[in-house]
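To start, the structure under review is shown below, and the notes come after it.
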Amino acid sequence: MNGRRKWYKTIDWGIVICYFLLFVIGWMSIYSSSSASEGASIFDMGERSGKQLLWFGISLVAGCLIMFVIRPQLWEVISPPAYLLVVLMLLAVLIFGATVNGSKSWFQLGPISFQPSELSKITTSLLLAHQLRSTNLNRAGSHGQFILAAIVAIPALIIFAEGETGTILVYLGFLFVLYREGLSGWWIALFGAVVLLFIMALITPLWVALSTAAVLVLAYYIFIRKTVVRRKAEKRKLLLASLGLLAAGALVVFSTSFVFDKVLKPYQKNRIEVLFGIKEDPSGVGYNVNQSMIAIGSGGLFGKGFTNGTQTSCGFVPEQSTDFIFCTIGEEAGFAGCLGVILLFSIMIWRIIKAADSSREPFTRAYGFCVAACIFMHMTINIGMTIGLMPVIGIPLPFISYGGSSLLAFSVMLFIFLSMVRHERTYF
């Protein structure tokens, strides 16, 4: 213990600087993609850029309250009731919510709309960190693992019912948090194998998918037999387990068509089919992605300059200030600008993980990993979507995409972690 430090020495300024720079890039891109061609001011509150600046001001006020007024210990105390409240809000939006772009996930209150799913990432992260404080995944039985799985699965399933497929993919990032906290890497490998078999069953003949399942199980059997198993009884158990995995793999393959046809909605199926080249739809589902890639490609190395993007100013890409804002950056700032944005995200995520790793508090450590996982998944999915590597699923780029509820939610999530780190660095 080194005595109480000055407040400005306890803040992780690297994370804060990345946060400000990402907002400024997003704010300028929102203006360029929505208002620049009309000659409006970037500060005009009647335009998207002005509204985003207002939400940034609200986010800063909330961040300052979290950092300097609210005690960080409170977040762990309120994590169970806050989680329950948001789950009830997610259920309520299924009944009373407004439908936007095929998903019933918005509350509309006059001119203001917000998504409870944005809040759910914060409350799920807090409760997951709270539970991980008292659960050692290396020694936890099935009961402890079931509780952790339920914390993630309950809001994820409700959000899936709302039609928010993109948010479901973000929740998969919590697998990496659990792995970092002691979950066996075999669970992640198993999930990856299920995804691979699902995709193989969609794009290849049935016998190829089944052969892939058999090869994966055989590789698992050989690896475990040579590295872990020694006694005859263990070999028998391994053989039975491998046969069970083979049956499960076959079940995944044979059930793919049912899930694809009966569970997914038509627009979700179309997006997956276009992504994997099952069908071509350049004027429909594939239009956004094609125009986005044209915009990014036309930017070249250093871009066309601020407000000079033709794809941007002429509005060729739908949702260009929200889900597809990365293509605005690509067209106007080029490859260098895209690389700069990815670098800023990478530095932010790296510093969050570094601060979490060095924390003395298990709650702070686990929550920091949750924050890093959410930001990483959003960044990866959104950028992958704009360059044609991921299906179009409507997910914002953190701190950059237009949207008050998204900006406020990510800001609150980040500042809660900064508050925890600041409290710890005040004395250590």
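The values are calculated or read from the model by the stated rules, or taken from the named source; none is laboratory data. These numbers were taken from a predicted model, which means no experiment stands behind them. Cβ coordinates were reconstructed from backbone atoms using ideal geometry, including for glycine residues, and neighbour counts include every protein chain displayed. All accessible areas refer to the heavy atoms of the entire protein, side chains included, with ligands and DNA or RNA removed. Shrake-Rupley method; radii C 1.70, N 1.55, O 1.52, S 1.80 Å.
I'd like the accessible area for Ile58, computed on protein heavy atoms only with a 1.4 Å probe and all protein chains in place. Round to 10 Å², please.
70 Å²
On the principal axes of its Cα set, how long, how wide and how thick is region 127-227? Give whole Å, largest value first.
44, 42, 19
Per-residue HN-Hα couplings for region 249-257, Karplus 6.51 cos²θ - 1.76 cosθ + 1.60 at θ = phi - 60°, whole Hz, x for Gly and Pro?
3J(HN,Hα) across region 249-257, in whole Hz: x, 5, 5, 4, 4, 6, 8, 4, 5.
For the chain, what is the mean residue ellipticity at 222 nm derived from helices alone (per DSSP H run of n ≥ 4: -39500 (n - 2.57); sum divided by total residues; nearest 500 deg cm²/dmol)? Working shown, then result.
Values: 16 runs with 296 residues, N = 428.
Helices in the chain give a 222 nm mean residue ellipticity of -23500 deg cm²/dmol.
So how strong a dipole does the chain carry about its Cα centre when Lys and Arg Cβ are +1 and Asp and Glu Cβ are -1, to the nearest 20 debye?
Computed about the Cα centre, the dipole is about 2140 debye.
Ignoring ligands, DNA and RNA, what percent of the accessible area of the chain is carbon or sulfur (1.4 Å)? Write down the numbers at each step before the final one.
Working: 14020 of 20390 Å².
Carbon plus sulfur share of accessible area: 69 percent.
Across every pair of different alpha-carbon atoms, what Kirkwood hydrodynamic radius in Å does region 276-428 reach?
Values: mean 1/r = 0.0597 Å⁻¹.
Roughly 16.8 Å, rounded to one decimal.
In whole Å, largest first, what are the principal axis extents of the Cα atoms in region 305-370?
The principal-axis extents, from largest down, are 52, 22, 12 Å.
Compute the orientation-averaged projected area for the chain from the convex hull of its Cα atoms and round it to one decimal in nm². Could you put the intermediate results ahead of the total?
On the way: hull surface 94.8 nm².
Over every viewing direction, the Cα hull of the chain projects on average to 23.7 nm².
At 1.4 Å probe radius, can you tell me the per residue accessible area of region 147-241 in Å²? Can you show the working numbers first?
On the way: 5300 Å² over 95 residues.
Using a 1.4 Å probe on heavy atoms only, each residue of region 147-241 averages 56 Å².
From the residues Ser184, Pro155, Thr165, which one has its Cα farthest along the dipole of region 116-220 in the positive direction, the dipole being from +1 and -1 charges on Cβ of Lys/Arg and Asp/Glu about the Cα centre?
Ser184
For Ile224, what accessible area in Å² do you get when you roll a 1.4 Å probe over the heavy atoms of the protein chains, rounding to the nearest 10?
Counting only protein heavy atoms, the figure is 20 Å².
Students often get this wrong, so check it: of Lys51/Lys121; Lys121/Lys265; Lys237/Lys354; Lys9/Lys304; Lys51/Lys304, which have C-alpha atoms separated by over 30 Å? Walk me through the intermediate numbers first.
Values: Lys51/Lys121 23 Å; Lys121/Lys265 24 Å; Lys237/Lys354 41 Å; Lys9/Lys304 40 Å; Lys51/Lys304 26 Å.
Check vs 30 Å cut-off fails for Lys237/Lys354; Lys9/Lys304.
Quick one, can you get me the convex hull of the C-alpha atoms of region 350-412 expressed as volume per residue in Å³?
On the way: hull volume 5.8 nm³, N = 63.
Expressed per residue, the convex hull around the Cα atoms of region 350-412 is 92 Å³.
For Lys304, Lys262, give the ranking by accessible area with the largest first, probe 1.4 Å.
Details: Lys304 70, Lys262 150 Å².
Ranked from most to least accessible, the order is Lys262, Lys304.
Keeping all protein chains in place and using 1.4 angstrom, which order do Arg225, Arg236, Arg351, Arg4 fall into by accessible surface area, from largest down?
Details: Arg225 90, Arg236 140, Arg351 70, Arg4 175 Å².
So the residues, ranked largest to smallest area, are Arg4, Arg236, Arg225, Arg351.
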